[in-house]
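Participant: Below you'll find the structure I mean.
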Amino acid sequence: DGGITQSPKYLFRKEGQNVTLSCEQNLNHDAMYWYRQDPGQGLRLIYYSQIVNDFQKGDIAEGYSVSREKKESFPLTVTSAQKNPTAFYLCASSNRQGGDIQYFGAGTRLSVL
Amino acid sequence: AQSVTQLGSHVSVSEGALVLLRCNYSSSVPPYLFWYVQYPNQGLQLLLKYTSAATLVKGINGFEAEFKKSETSFHLTKPSAHMSDAAEYFCAVSDGYNFNKFYFGSGTKLNVKP
């Protein structure tokens, strides 16, 4: 089955710790995205990548980092600099054709211990 | 940058009643507009997409949306609500310059009463 797989489903972070959220897609999409979802705020774009080895900051990139070494994978690291990391994180992918629909993973819920 | 406003964070309707979820976008005409649905603790799924081919767009599960340029709106409707429609709905628009960048509204939670 084609789709986007996010892991883990739940993640807990200790103070001062970096954690990495995994996102893998087998849809052969060029573009991949990371969003943060907080109650009542909708989805806010953290980072996006339109092609391998290239990525751009979204609206709330501070405290996060990404890499795009393979077309299928777009991991997100939540660094210790992100002081309020508790949220639901969603990964998405789409074709590079402008305005193509996005396909979303099931999300990772990150909490702070 | 685009902005998206969804009026009403919570909407409650009776089963069988009309569903109307409101979405307004910022004044510059966006190339693409979308409605997505999210069930609890899941990702988003596409309901429908506007691409300028027609102002009335039909989506899945009986939903449709009408693009009104003069009102900068893209409201989502369904003639008759089902219990299974209870979910959170998000309106999204593409950036006017970077079509691969998207902006989402804050979402509307739809409650369907029996």
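Participant: Could you pull the Rg and Dmax for chain B, using just the Cα atoms, both in Å?
Facilitator: 13.4, 44
Participant: Taking the Cβ-Cβ separation of A:SER7 and B:ASN111 as r and a Förster radius of 30 Å, what is the calculated FRET efficiency to the nearest 0.05?
Facilitator: Using R0 = 30 Å, I get an efficiency of 0.45.
Participant: Let me know the shape class of the stretch A:5-62, please: from the alpha-carbon gyration tensor, a ≥ b ≥ c as square roots of the eigenvalues, rounded when a/c is under 1.5, otherwise prolate if a/b is greater than b/c, or oblate.
Facilitator: prolate
Participant: When the expected Rg is taken as 2.2 N^0.38 Å, what fraction or multiple of it is the alpha-carbon Rg of the protein assembly as shown?
Facilitator: Normalised by 2.2 N^0.38 Å, the Cα Rg of the protein assembly as shown equals 1.01.
Participant: Further question on the same structure: Positive end of the charge dipole of chain A (Lys, Arg +1 and Asp, Glu -1 on Cβ, about the Cα centre): tell me which of A:THR20, A:TYR48, A:GLN6 has its Cα farthest that way.
Facilitator: A:THR20
Participant: Under 10 Å, Cα contacts only: if you run a Gaussian network model on chain B, which one of B:PRO79, B:PRO40, B:PRO31 comes out with the highest mean-square fluctuation?
Facilitator: Between B:PRO79, B:PRO40, B:PRO31, it is B:PRO40 that shows the largest mean-square fluctuation.
Participant: Taking 35 Å as R0, compute the FRET efficiency from the Cβ-Cβ separation of A:THR77 and A:ASN28 and round it to 0.05.
Facilitator: 0.90
Participant: Using a 1.4 Å probe on the protein heavy atoms only, what accessible surface does B:ARG22 show? Give it in Å² to the nearest 10.
Facilitator: Accessible area, nearest 10 Å²: 100 Å².
Participant: Calculate the FRET efficiency for A:LYS70 and B:SER3 from the Cβ-Cβ distance with a Förster distance of 30 Å, rounded to the nearest 0.05.
Facilitator: Using R0 = 30 Å, I get an efficiency of 0.35.
Participant: Same structure again: Roughly how much of A:LYS57 is accessible, in Å² to the nearest 10, using a 1.4 Å probe?
Facilitator: 140 Å²
Participant: Now for a separate question. Have a look at A:PRO75, A:PRO39, A:PRO85 and tell me which one the Gaussian network model of chain A (Cα, springs below 10 Å) gives the largest fluctuation.
Facilitator: A:PRO39
Participant: I would also like to ask the following. In the structure displayed, which of B:LYS78/B:LYS113; A:LYS57/B:LYS101; A:LYS83/B:LYS101; B:LYS78/B:LYS101; B:LYS49/B:LYS101; B:LYS49/B:LYS69 lie more than 19 Å apart, Cα to Cα?
Facilitator: A:LYS83/B:LYS101; B:LYS78/B:LYS101
Participant: How many angstrom lie between the Cα centre of the stretch B:51-71 and the Cα centre of the stretch A:51-72?
Facilitator: Cα centres, the stretch B:51-71 to the stretch A:51-72: 32 Å.
Participant: Given the C-alpha atoms of chain A, compute the convex hull and give its volume per residue in Å³.
Facilitator: It comes to 98 Å³ per residue, whole-number rounded.
Participant: Now for a separate question. Could you work out the relative contact order of chain B, using alpha carbon pairs under 8 angstrom and six or more residues apart, expressed as a whole percent?
Facilitator: 38 percent.
The values are calculated or read from the model by the stated rules, or taken from the named source; none is laboratory data. No experiment lies behind these values; they were computed from the predicted model shown. Note that each Cβ is placed from the backbone with ideal geometry, even for glycine, and that neighbours are counted across all protein chains shown. These accessible areas exclude ligands, DNA and RNA; they are computed on the full protein's heavy atoms, side chains included. Shrake-Rupley method; radii C 1.70, N 1.55, O 1.52, S 1.80 Å.
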